[in-house]
1. Could you pull out every residue, at least 5 positions away or on a different chain, whose amide H is within less than 5 Å of the one on A146? Hs are placed 1.01 Å off N in the peptide plane, and Pro or chain starts have none.
2. How would you order 174-180, 127-133 from highest to lowest mean count of nearby Cβ atoms within 10 Å?
3. Let me know the shape class of the chain, please: from the alpha-carbon gyration tensor, a ≥ b ≥ c as square roots of the eigenvalues, rounded when a/c is under 1.5, otherwise prolate if a/b is greater than b/c, or oblate.
4. Which of the trypsin sites (Lys or Arg not before Pro) found in segment 22-120 are loop residues per DSSP with 10 or fewer other Cβ atoms within 10 Å of their Cβ?
5. So what is the relative contact order of segment 1-114, in percent, for Cα pairs below 8 Å that sit 6 or more residues apart?
6. L109 to I36: FRET efficiency via 1/(1 + (r/R0)^6), r the Cβ-Cβ distance, R0 51 Å, to the nearest 0.05?
7. Over the chain, what is the relative contact order in percent, taking alpha-carbon pairs closer than 8 angstrom and at least six residues apart?
8. Taking every eigenvalue of the Cα gyration tensor of segment 1-114, multiplying by 5 and rooting it, what semi-axes result, largest first, whole Å?
Amino acid sequence: MILLYRITPFLVGIISLLGFLGLMNAWAHPMVVIAIALLLGILVFARLIKWQVKTFSFWFFLGTFFLFFAASFSIFLLLEDVWSRWVLIGLYTLLLMLFCEYVFQYTHLPSNYQPFSLEYLTLILNVLSIFLFASLGFAARILLQAPLWILVLLAFALMYFLVYGTLWVSKAETFRSHYYAALGAILLTEFFLALTFLPPGFYTNAAFLTVFSYVFLGLTRAQAIHKLNKEVVLRYGITAITLLILIGLSSQWL
């Protein structure tokens, strides 16, 4: 039985790869390809975590998996350069497989699980999910003139889940996690709203929001687990300033 769980990361990798190839080669309508890939991925991953639908851990792991999987497929449709598409295929398939591997160890082989593996990888996946969904949101606003209030509501819900999930997997206190998640969702949604009025393209705006989100998630996580100090603040501050300068200098401003 353990063998069936053991091969789950490889099955997810195959599903992801076939889904991306289906989009590249137009095997069917893109929405049909994405829907089939997501459905298969969810079924396989849900089995990995034993269909424990009454536990928050089930919905957290499944939600994290689904959001990252869905975002990577969606942003794929915006890419036109072939090399960019292959880089995305390789990177995101690898991250999905790695996430499944850590969840497998955490759930089925706790003796082999490396401490803090899921905590750090979840932070990476959540930050990347913010970038991907922010890119889609800004693109929808610029290209499709999507109603801003709908995008704001979706951004708030997404930010709340990602902030709370990051704190939950880091074993922060429940009340503190909900409190920080609410404040973080409001703050990051306000950043999203403000960036919609700035002139850069949607990738640049998404990159700015991602940097702010990375800093907030990192500092909030450190505060929640009582590890916040001057060195941590300085490290995140220097990283954020450096990234913002690089993004600003390398972007095409409208």
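1. R141
2. 127-133, 174-180
3. On the way: a/c = 1.71, a/b = 1.09, b/c = 1.56.
Oblate, since a/c reaches 1.5 and b/c is not below a/b.
4. K54
5. Working: 82 pairs, mean separation 41.0, N = 114.
Once normalised by length, the contact order is 36 percent.
6. Step by step, r from the Cβ atoms, then E = 0.95.
7. Reported as a whole number, the value is 17 percent.
8. Details: eigenvalues 140, 41, 29 Å².
One finds semi-axes of 26, 14, 12 Å for segment 1-114.
Throughout, read-outs are computed from the coordinates displayed, never taken from laboratory work. If you're wondering where the values come from, they're calculated on a predicted model, not measured in any experiment. A quick note on method: Cβ atoms are made from the backbone with ideal geometry, for glycine too, and the neighbour counts reach across all protein chains shown.
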